[in-house]
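The values are calculated or read from the model by the stated rules, or taken from the named source; none is laboratory data. What you see is a predicted model, and the numbers here were worked out from it, not measured in a lab. When we count neighbours, we look across all protein chains shown, and the Cβ atoms used for this are built from the backbone with ideal geometry, even at glycine.
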Amino acid sequence: MGIFTRSVASRKPNESMKLIVTTFVGVVFGFLIGLAFPALYLSKFNLSSSVLSSIDFKYTEYTKSSPSSSADVPLPVGNDSSSTNVTSNKIWVPSNPRGAERLPPGIVRPESDLFLHKLWGKPSEDLTSMPRYLVTFTVGYDQRKNIDAAVSKFSGNFTILLFHYDGRTTEWDEFEWSKQAIHVSVHRQTKWWYAKRFLHPDIVVPYDYIFIWDEDLGVEHFNAEEYIKLVRKYGLEISQPGLEPNKGLTWQMTKRRGDREVHKETEEKPGWCNDPHVPPCAAFVEIMAPVFSRDAWRCVWHMIQNDLVHGWGLDFALRKCVEPAHEKIGVVDAQWIVHQSVPSLGNQGESQDGKAPWKGVRERCRKEWSIFQMRFSAAEKAYFKAINSTSR
């Protein structure tokens, strides 16, 4: 310690000044060197493949980014060398379905189906067959025998879907086919209420044709597979079976003709059709037993009003969903049914002011028809007005 103290004390002033200057020059030189080279970011660090192989990436959090961002790059996935560059990633794909813009497109499944799956085994082995058609019935348990007879007319190519308006579902297991059917139960609702909520076009997209039928149809002279053949043969996008001509007819258009397989037009009472190509003389089927192609149903589903549950008025507007409507809407005469006119759903109403339940239901039907007509007319007028104003 004595020697060290003496050596420091014995330094000359000029040597101390040299030391200070040298230190200052070194600091400045180091600072300039730092500016001359880019910063080394940890996120750009290239990890060796041996290190990466020992890391299990279980979860990657994607942060929200602006749709206009041009720097959004998907996170690399795989074992190639490019996947070793881990960067800060943000995903926004405007072409994805609304709400799924932040997902990588490869994982997006915008459509679904009604196919039944097992709870065990491999997912790839779940489906031994995939039905090509869908038939729905809106039912009460009292009509079970009629529905059992109707279901027998539909082959294994059909998914059977029952909408229960009386809440009784388990009793249907007396029928073997019911155990493979889909059952949806909500008290006192109509088939159009069910259809709007459970038959979204992206759910029923696997089916070529969708039957949306009432429960009180006699099907002794009907075969679903033969019906589909005729629908394809005549290019019908919207159709129905012909109705027995001697019972409960409302419109001439839906009356079965015995001299042909299909008809697409008719003659009605004088003054009812100003144009032979519009309803009820053409481009018209009733709502008791309609059959829609996949594409036609996508349009019709959007047309169905959420609060108008009986569907009255839809039959006159269906022509808006296909073009030319008088060629693509028709009645299949060779496969015909009987409308039994059982007021089962009408009896689900409530008695008001001393009126029978079915009378209140019928009044609601007429009100909805009027409301639907006014809405459609107003919507069309507003559209054409907007188009005309922008074209000036």
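Some observations on this one:
- Meets criteria (over 18 Å from GLN305 (Cα atoms), surrounded by 11 or more Cβ atoms within 10 Å (Cβ to Cβ) and outside the structural domain of CYS321 (by TED's automatic domain parsing)) for LYS385: no
- Filter pass, HIS187 being surrounded by 14 or more Cβ atoms within 10 Å (Cβ to Cβ) and either under 30 Å from ASP307 (Cα atoms) or among the hydrophobic types (A, V, I, L, M, F, W, C) (or both): no
- Residue match in segment 212-224 (condition: part of a loop (DSSP other than H, G, I, E, B), farther than 24 Å from VAL342 by Cβ and out of contact with any helix residue (DSSP H, G or I) (no Cβ under 6 Å at 6 or more places or on another chain)): no
- Taking the criterion of being of a type outside the set (D, E, K, R) and either at pLDDT below 90 or under 17 Å from ASP202 (Cβ atoms) (or both), the residues of segment 86-103 that qualify are VAL86, THR87, SER88, ASN89, SER95, ASN96, PRO97, GLY99, ALA100, LEU103.
- Set side by side, the residues PRO280, PRO206, PRO241 differ, and just one is touching a Cys at 6+ places or on another chain (Cβ under 9 Å), over 16 Å from LYS328 (Cβ atoms) and in contact (Cβ under 8 Å) with a residue 24 or more places away in the chain, which is PRO280.
- If the condition is being of a type in the set (Asp, Glu), loosely packed, with under 14 Cβ neighbours inside 10 Å and either part of a loop (DSSP other than H, G, I, E, B) or not assigned by TED's automatic domain parsing to the domain that holds SER185 (or both), then segment 93-144 contributes GLU111, GLU125, ASP126.
- Screening segment 280-308 for residues that are aromatic (Phe, Trp, Tyr) and not in a helix (DSSP H, G or I) and picking the one that is farthest from the chain's Cα centre (by Cα) gives PHE284.
- Condition met for ALA379 (surrounded by fewer than 16 Cβ atoms within 10 Å (Cβ to Cβ) and under 26 Å from HIS277 (Cβ atoms)): yes
- Among the residues listed as PHE175, PHE154, PHE163, PHE158, the single one being modelled with pLDDT of 95 or more, under 14 Å from GLY140 (Cβ atoms) and hydrophobic (A, V, I, L, M, F, W, C): PHE163
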